[in-house]
Amino acid sequence: MGSLAGKNIRILRQQKGLTQQAFADKLGIKRSLLGAYEEQRAEPRIDVLQKISEWFDIPLENLLWQDLSAPGARFRRLKEQAQQAPRQRIEFVPQKAAAGYLQGYSDEEFIEELNTFTLPMLGAGHYRAFEISGDSMLPVESGSVVVGHQVLNWDEVKNQQTYIVVTRQEGIVYKRILKSNRNPKKLTLASDNPAYPPYSVSLEDILELWQADLIISRPTQKPRISVNQLAEVVQQLQSRIDQLQRTSATSGRK
């Protein structure tokens, strides 16, 4: 007897009101393959099942062996969980953890130790936040936090968009990506600050890509005005008022 995964996938998709094409796009698979899963002509891959389990907050074993359409309180609870929006999770990588991140980016224990937070302006999903350093992307200042979602497919990289790029050679950088059809195995990383020239990286050197969704910056600190500067401003304003009064009086005598 096979698992109930295909049937349950169809139930969860319909409860979300998604078409097969829309759900297949979210899973990163072809619509025809999703159809084969739902019609139980093929057993879903484990990576697909894990994605669905996480998105709908349903234990993997329930997805495989429990009939989510069956009556009863236990199954109603599973349906309610499936109908809830997936939770939002944002892991924060501060500058001091940047070096360790290059070694631990794929280590579940390392990622679990990172601080997490949520932002109401972002939808549900999995995000990661990186504290950047340097002035290569001005007006985004050093110390700003870039929040983004991970891009797993090179074809999904958008030209002229900004990304957190995690590379073996350069570490963690925040850059604007320029794509070229002439050399599809490389990406050009450009800075918004013209003082920094663009450079190319090979796809093999890139460990992760996170497309920027939100930038969190500290308020710009304006320099304080001194007492002498304030007195000079007041004097200039008073002189201007006196001049306007003299002009008005002269016009009145004419």
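Points to keep in mind about this one:
- Single residue of Leu209, Leu244 found to be within 21 Å of the chain's Cα centre (by Cα) and either modelled with pLDDT under 90 or crowded, with 16+ Cβ neighbours inside 10 Å (or both): Leu209
- As a summary of the residue check, Lys175 satisfies the conditions (1) surrounded by 11 or more Cβ atoms within 10 Å (Cβ to Cβ); (2) touching a helix residue (DSSP H, G or I) at 6+ places or on another chain (Cβ under 9 Å); (3) among the charged types (D, E, K, R) except for the one numbered (2).
- Filter result (surrounded by fewer than 18 Cβ atoms within 10 Å (Cβ to Cβ) and part of a loop (DSSP other than H, G, I, E, B)) within the stretch 1-28: Met1, Gly2, Ser3, Gly17, Leu18, Thr19, Gly28
- Candidate set from the stretch 37-51 (those that are in contact with a Lys or Arg (Cβ under 9 Å, 6 or more places away or on another chain) and either part of a helix (DSSP H, G or I) or aliphatic (A, V, I, L, M) (or both)); member that is surrounded by the most Cβ atoms within 10 Å (Cβ to Cβ): Tyr37
- Failed item, numbered, when Lys222 is tested on (1) modelled with pLDDT under 65; (2) in a helix (DSSP H, G or I); (3) charged (D, E, K, R): (2)
- Counting only helices (runs of 4 or more DSSP H) wholly contained in the stretch 64-155, the ones carrying 2 or more residues that are modelled with pLDDT under 85 and surrounded by 15 or more Cβ atoms within 10 Å (Cβ to Cβ) occupy 73-83.
- Taken over the stretch 52-63, the residue count meeting the criterion of being within 14 Å of Ala5 (Cβ to Cβ), in a loop (DSSP other than H, G, I, E, B) and not hydrophobic (A, V, I, L, M, F, W, C) is 1.
- If the condition is being touching a residue at least 40 places away in the same chain (Cβ under 8 Å) and assigned to a loop (DSSP other than H, G, I, E, B), then the stretch 196-219 contributes Tyr196, Ser217, Arg218.
- Complete set of residues in the stretch 155-183 that are touching a residue at least 24 places away in the same chain (Cβ under 8 Å) and more than 16 Å from the chain's Cα centre (by Cα): Thr167, Arg168, Gln169, Glu170, Gly171
- Residue list for the stretch 113-155, restricted to those being among the charged types (D, E, K, R) and in contact with a strand residue (DSSP E or B) (Cβ under 9 Å, 6 or more places away or on another chain): Arg128, Glu131
- One residue alone among Asn159, Asn183 is outside any strand (DSSP E or B) and touching a strand residue (DSSP E or B) at 6+ places or on another chain (Cβ under 7 Å), and that residue is Asn159.
- Summed over the stretch 95-127, residues that are closer than 20 Å to Arg218 by Cβ and either touching a Phe, Trp or Tyr at 6+ places or on another chain (Cβ under 6 Å) or not assigned by TED's automatic domain parsing to the domain that holds Leu152 (or both) total 1.
- Of the residues screened, Val201 is one that is among the β-branched types (Val, Ile, Thr), at pLDDT 90 or above and either in contact with a Leu (Cβ under 8 Å, 6 or more places away or on another chain) or farther than 16 Å from Met137 by Cα (or both).
- Taken over the stretch 150-182, the criterion of being of a type outside the set (S, T, N, Q) and in contact with an Asp or Glu (Cβ under 6 Å, 6 or more places away or on another chain) is satisfied by Val166, Arg168.
The values are calculated or read from the model by the stated rules, or taken from the named source; none is laboratory data. Just so we're clear, the structure is a prediction, and the values are computed from it rather than from any experiment. We place every Cβ from the backbone using ideal geometry, glycine too, and count neighbours over all the protein chains shown.
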